[in-house]
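Enquirer: Got a structure for you, questions after.
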Amino acid sequence: MITDVESYLRFFDSVRRRTERDVAALPPEAAAWRPPAASGEAGWGIGELVGHIGATRLYFASAYRGEGWILTDPDIDRADQRTWLPWLQSSAERFATLLRETPGEWLMRRIEMVDTPGTLPGWRLLMMMLEHEVHHRSQIDTYAGLQGWPVPQIFERTFEGITALQPEQRARHPR
């Protein structure tokens, strides 16, 4: 559970930096790429996904602040890759500012859901926002991998690197 807003924002900062890193790694052809023959969200290009990530940060902040589940239009040209990182950065700054203005006890305050009956605590709503961002970052990374574009390692480690360390680890920690 999240117990204070500043701790949450430090974690958010690590998540958003990985999102920005992965978007920055995309080649120029990513701006025009679209999934094959899909509709709705499954048919969004990478620019739409980047715009959505930033906009929904502010959507969750609005709900957390008791201002309704209100979507903000992305300040991005989805077809212009040069606007993607500035949008992610500005939405992150706005999100952090909006949360810093709230009292700590709001983490436990119940928030009414937008589309289903019931409520959830503020800390859980904030975790939903992070899960949502990671979901769409993973979608972007999957598209990049399928196109043969570079996909940064999540924690600067590869499976192959960890596998190479296994003999030493097994020797140090026998079962």
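Enquirer: Could you say whether any residue in the range 101-112 is surrounded by 10 or more Cβ atoms within 10 Å (Cβ to Cβ) and within 23 Å of Leu49 (Cα to Cα)?
Expert: So far as the range 101-112 goes, no, none of its residues is surrounded by 10 or more Cβ atoms within 10 Å (Cβ to Cβ) and within 23 Å of Leu49 (Cα to Cα).
Enquirer: Output the number of residues of the range 122-133 satisfying the condition of being more than 30 Å from Ala32 (Cα to Cα) and either touching a residue at least 24 places away in the same chain (Cβ under 8 Å) or of a type in the set (Gly, Ala, Ser) (or both). Spell out how you get there, then give the answer.
Expert: Step one: list which residues in the range 122-133 are more than 30 Å from Ala32 (Cα to Cα), which gives 122-127.
Among the residues that remain, those that are also either touching a residue at least 24 places away in the same chain (Cβ under 8 Å) or of a type in the set (Gly, Ala, Ser) (or both) are: 122-123, 125-127.
Total meeting the criteria: 5.
Enquirer: Which residues, taken from the range 1-57, are more than 16 Å from Ser91 (Cα to Cα) and of a type in the set (Lys, Arg)?
Expert: Arg34
Enquirer: So in the range 37-61, with the set limited to residues that are within 12 Å of the chain's Cα centre (by Cα) and without any contact (Cβ under 8 Å) to a residue 40 or more places away in the chain, which one is farthest from Leu146 (Cα to Cα)?
Expert: Ala55
Enquirer: Considering (1) farther than 23 Å from Asp4 by Cβ; (2) of a type in the set (D, E, K, R); (3) surrounded by fewer than 17 Cβ atoms within 10 Å (Cβ to Cβ), say which one Arg78 fails and leave the rest.
Expert: All conditions are met except number (3).
Enquirer: May I pose another question? Specify the residue that is nearest to the chain's Cα centre (by Cα); the eligible residues are those in the range 3-27 that are crowded, with 16+ Cβ neighbours inside 10 Å and over 19 Å from Ala144 (Cα atoms).
Expert: Top of the filtered list is Phe12.
Enquirer: What residue, of Ala37, Ala30, is among the aliphatic types (A, V, I, L, M), outside any loop (DSSP other than H, G, I, E, B) and either surrounded by 13 or more Cβ atoms within 10 Å (Cβ to Cβ) or at pLDDT below 95 (or both)? Lay out the reasoning, then the answer.
Expert: Details: Ala37 fails: outside any loop (DSSP other than H, G, I, E, B).
Matching residue, one of Ala37, Ala30: Ala30.
Enquirer: So which of Arg21, Arg57, Arg65, Arg16 ends up being out of contact with any Asp or Glu (no Cβ under 9 Å at 6 or more places or on another chain) and basic (Lys, Arg)?
Expert: Values: Arg57 fails: out of contact with any Asp or Glu (no Cβ under 9 Å at 6 or more places or on another chain); Arg65 fails: out of contact with any Asp or Glu (no Cβ under 9 Å at 6 or more places or on another chain); Arg16 fails: out of contact with any Asp or Glu (no Cβ under 9 Å at 6 or more places or on another chain).
The unique qualifying residue is Arg21.
Enquirer: Pick from the range 134-172 the residues that are part of a loop (DSSP other than H, G, I, E, B) and without any contact (Cβ under 8 Å) to a residue 60 or more places away in the chain: which of them is farthest from Asp13 (Cα to Cα)? Working first, answer last.
Expert: Looking only at the range 134-172, we keep the residues that are part of a loop (DSSP other than H, G, I, E, B), and these are 148-158, 165.
Then keep just the ones that are without any contact (Cβ under 8 Å) to a residue 60 or more places away in the chain; that gives 148, 153, 155-158, 165.
Values: Gly148: 28, Gln153: 17, Phe155: 14, Glu156: 17, Arg157: 20, Thr158: 23, Leu165: 30 Å.
Among those residues, the one meeting the criterion is Leu165.
Enquirer: Still on this structure: What tally of residues in the range 1-49 results from selecting those that are aromatic (Phe, Trp, Tyr) and touching a Pro at 6+ places or on another chain (Cβ under 9 Å)?
Expert: Residues flagged as aromatic (Phe, Trp, Tyr) and touching a Pro at 6+ places or on another chain (Cβ under 9 Å) within the range 1-49 amount to 1.
The values are calculated or read from the model by the stated rules, or taken from the named source; none is laboratory data. Just so we're clear, the structure is a prediction, and the values are computed from it rather than from any experiment. Every residue, glycine among them, receives a Cβ derived from its backbone with ideal geometry; neighbour counts consider all protein chains shown.
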